[in-house]
Amino acid sequence: MAASDHTHADEASAGLSVDGLTKIYPDGTLAVDDISFSIDAGDFCVIIGPSGCGKSTTLHSLVGNVPPTKGTVTLDGRDITDAPTYRRDIGLVFQDFQLFPHLTVEENIRYGLERMDVSAAEANDHVESMAEMMQLDGMLDRNPAELSAGQQQRVALARSLVLEPKLLLLDEPLGDMDYKLQKRMERELLRLHRELETTFVYVTHDQTQAMRLADQMVVMNDGKIEHSGPVREVYNRPRTAFTAAFVGDSNLFSGTVTDVEAGGAVAVVDTDFGAFRVSTANADSGAEELVGREVVFAVRPQFVRLDDDDGNALDCDVDDVIHRSGEGTQIVMTARGSEGTKQVQAKSDDRVEPTADAVTVGWDADDAILLERTSVAGDVDLQEDILGE
Amino acid sequence: MSVTVERETAISIDGLRKSFAGEPVLCGIDLSIDEGEFCVVVGSSGSGKSTLLKCISGLLSFEWGAVFVDGEDVTNRSVETRDIGFVFQDFEDRLFPHMTVEENVAFGLREAETYDAAEISRRVNEALQLLSISETKTSLPSELSGGQQQRVELARQLVRECDVMLLDDPLADLDYKLQKRMVLEIRRIHEEFGSTFVYVTHNQDQALKLADKLVVMNDGVVEQVGTPEEVYNAPETAFVGRFIGDNNPLLGTVTEHDGDRVVLDTDLGTVVAEPREEPPAVGEETMVLLRPEDVSLGDDAGARDNGSIATVEDLTYTGEYTEFAVSLPNVTHEFQVRRPGDIRRFGEGDEVRIGWDAAEGVCYDRLSASDSVTVDDLMEV
């Protein structure tokens, strides 16, 4: 299997750049509100967010079937904001495949090539190598209806990629598939992306899929970008509480910074559930400026332990213990605070069994992520807006 | 080990066979589900799992076999008289759009004409509270989110206070975040409600989290029945090993027996493996399955029973885990390796040693409970 050749000249150039994109629909809905992001050529970018966050409008602006109200889209140095879809040098793959039912697999893959200035011999070569890469070699004469969902999606991918687009746009392409097939197709997409030099932009609401596939994530909410950056950064150093809650699981607490310790490395945050020590590594403001401020902090379930060694202690009632084979144990608990209760989750890679119905949990200050901002959108209720409840 | 509790059998299925247009869909299903148990039937599309659920409910008739509920043969009874609740995936279409949540939930009870207003009101309030949607009582379905609508549909079934509830992939259409939360809710509802749940899904993550008893179906037959941990840790067939969780397959021919172990000739060279059940005979071709989380990397791999040099093709950090796709000499498919946390010791393109013990890479004599399954099919699972 040929690893992609990363030495070509385009390597350093920006693949896709979106600047100040705004979309107001005729009924006055502000779907996308002045967003900017760029993706390096050859990267795998996933746009993620809850329903109605503007991710689909953004994708359709890239496709060219939603004219932006303001802003520009640049692909490989060329302004394509007003270019028709077929002149954009992009490929499209949707959830419902959209194959031609009356054409064979081979004819489906060849379809776009016939509309380009490509000799028959060259087209044959392209179709053949694409079919091999997609493991469709044995089924070129079949009709799409005879194929499984996974095979049909591979035909859809082959049909787009055979045209060697600069950018491949994927709109929830695995949405309707069985769990098992989704997992397999995720691996296929990663392999394909590795072997090609095409930039991928992928839209989904499924954050595990996003984490698994993306080099770069664009987290959207309410028409704006909450965070755009590499997966590691989005997960470990989220800019907002919204991002911390939406990408991966989080226990979120809010409170007031009363003091800083350890030369400013740790903030003491007073909450309804007690005072906790929180690392200031994720804060933009200087430690001293934080004192007196209202903040949120997040603790990932895998860092919540059934002990209180590091001075952070929280008394909880155990509600449920789930042993998920292959992934250890998930413990669902309720913490009681002065103003109400809160669900707290802990996860262990090993199989653990809490010994009592009431436990004290804790975490290292370094594993608590300080979040100065709740969201880029005003007036966000984390519970309501993230879970859609 | 959990304490054994004597439980009555709630549902018993004997030799159930069903075909559509001469094509067998269920090929002799035997299954027994205890009272109060959470039974999850998991399988891919076309495995027959939804058909099985419809046969239990009475929505579909079948050619052979029998269904018993609480010891009573209900095979020839109508849907209405089986007293079974069922919840479907397409909940939006099932709620009456012009009725409030309260009216929707009360509808079935009012129609039945056997309950007085006070009893209906008690049951409705209790169900809404249990599902944490009391505040939506006077709302119309269109004013609710997808998750709330699905809860209303659940409430409509819960108020019937049936001893048996059938659920056909009820969370499939919800957003990812909401699905995860509803899994916890459904566990709580089952715990508090105490009735027998039979839940069908293709989503094995949900299945492993929800089930007391897990039933793996494939091609119209039951592959395995057990607790999630039994099924995951000791699959009875290679199909189950491939289908539930991830498993790296490696084909080999048995060259000798070494005590309880077998020695195999594989594309990777000589490999020792423990057999799942009976050791396959010398000369037989068999499949070794190895979980991604059981593969050691780097220095940890040295002292294992089996090992190889591998090349890291891809590395994915998912927050909780780091997943590696590695290529191995002479093996056509990549292996998946998963370690907890953020592993940065190895990068893409690096050569790294992998290793595993004979007890972790288990070889399977039986491919599947279905006769038609081939090695090639299993590679595609």
Check on B:Leu95, of a type outside the set (Gly, Ala, Ser), closer than 25 Å to B:Gln150 by Cβ, assigned by TED's automatic domain parsing to the domain that holds B:Tyr199 and at pLDDT 90 or above
no
Could you check how many residues of region A:129-148 are out of contact with any helix residue (DSSP H, G or I) (no Cβ under 8 Å at 6 or more places or on another chain) and farther than 17 Å from A:Leu99 by Cβ?
3
Any residue at all in region B:162-178 that's within 14 Å of chain A (Cβ to nearest Cβ), basic (Lys, Arg) and surrounded by fewer than 23 Cβ atoms within 10 Å (Cβ to Cβ)?
yes
Note on A:Ser160: of the conditions (1) hydroxyl-bearing (Ser, Thr, Tyr); (2) free of Cβ contacts under 8 Å to residues at least 60 places away in the same chain; (3) closer than 28 Å to A:Ser51 by Cβ; (4) away from every other protein chain (no Cβ under 11 Å), unmet is (2)
Selection count where residues are under 13 Å from the mean Cα position of the chain (by Cα), of a type in the set (Ser, Thr, Tyr) and crowded, with 22+ Cβ neighbours inside 10 Å, scope region A:185-211:
2
Name every residue in region A:142-178 that is of a type in the set (A, V, I, L, M, F, W, C) and part of a helix (DSSP H, G or I), in order of residue number.
A:Ala145, A:Ala149, A:Val155, A:Ala156, A:Leu157, A:Ala158, A:Leu161
Of the residues B:Val326, B:Val352, B:Val362, B:Val272, only one is within 14 Å of chain A (Cβ to nearest Cβ) and either part of a strand (DSSP E or B) or surrounded by 18 or more Cβ atoms within 10 Å (Cβ to Cβ) (or both); which?
B:Val326
Determine whether region A:294-305 contains at least one residue that is more than 29 Å from the chain's Cα centre (by Cα), farther than 20 Å from B:Leu184 by Cα and not in a helix (DSSP H, G or I).
no
Can you confirm whether B:Arg7 is surrounded by fewer than 19 Cβ atoms within 10 Å (Cβ to Cβ) and within 29 Å of B:Val381 (Cα to Cα)?
no
How about region B:80-101: which of its residues are without any contact (Cβ under 8 Å) to a residue 40 or more places away in the chain and either loosely packed, with under 13 Cβ neighbours inside 10 Å or at positive phi (or both)?
B:Glu80, B:Thr81, B:Asp93
Can you tell me which residue is nearest to the other protein chains (Cβ to nearest Cβ) among those in region A:306-335 that are over 25 Å from B:Pro292 (Cα atoms) and touching a Phe, Trp or Tyr at 6+ places or on another chain (Cβ under 8 Å)?
A:Ala335
Using beta carbons and a limit of 6 Å, which pairs, at least six apart or on different chains, have the first residue in region B:209-231 and more than 10 Å from chain A (Cβ to nearest Cβ) and buried (at least 21 other Cβ atoms within 10 Å of the Cβ) and the second one part of a loop (DSSP other than H, G, I, E, B) and among the β-branched types (Val, Ile, Thr)?
B:Glu223/B:Thr237
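To keep it simple, each residue is scored yes or no on (1) touching a strand residue (DSSP E or B) at 6+ places or on another chain (Cβ under 6 Å); (2) not in a strand (DSSP E or B).
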| site | (1), (2) |
| --- | --- |
| A:Thr329 | yes, no |
| A:Thr334 | yes, no |
| A:Lys342 | yes, no |
| A:Ala346 | yes, no |
| A:Val352 | yes, yes |
| A:Thr355 | no, yes |
| A:Thr360 | yes, no |
| A:Asp366 | yes, yes |
Report yes if A:Glu132 is acidic (Asp, Glu) and assigned to a helix (DSSP H, G or I), otherwise no.
yes
Restricting attention to region A:241-253, does a residue exist that is among the polar types (S, T, N, Q), more than 28 Å from A:Val344 (Cα to Cα) and either in contact with a strand residue (DSSP E or B) (Cβ under 8 Å, 6 or more places away or on another chain) or within 9 Å of chain B (Cβ to nearest Cβ) (or both)?
no
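The values are calculated or read from the model by the stated rules, or taken from the named source; none is laboratory data. The structure displayed is predicted, hence computed values, not measured ones. With ideal geometry, Cβ positions are generated from the backbone for all residues, glycine too; neighbour counts draw on all protein chains shown.
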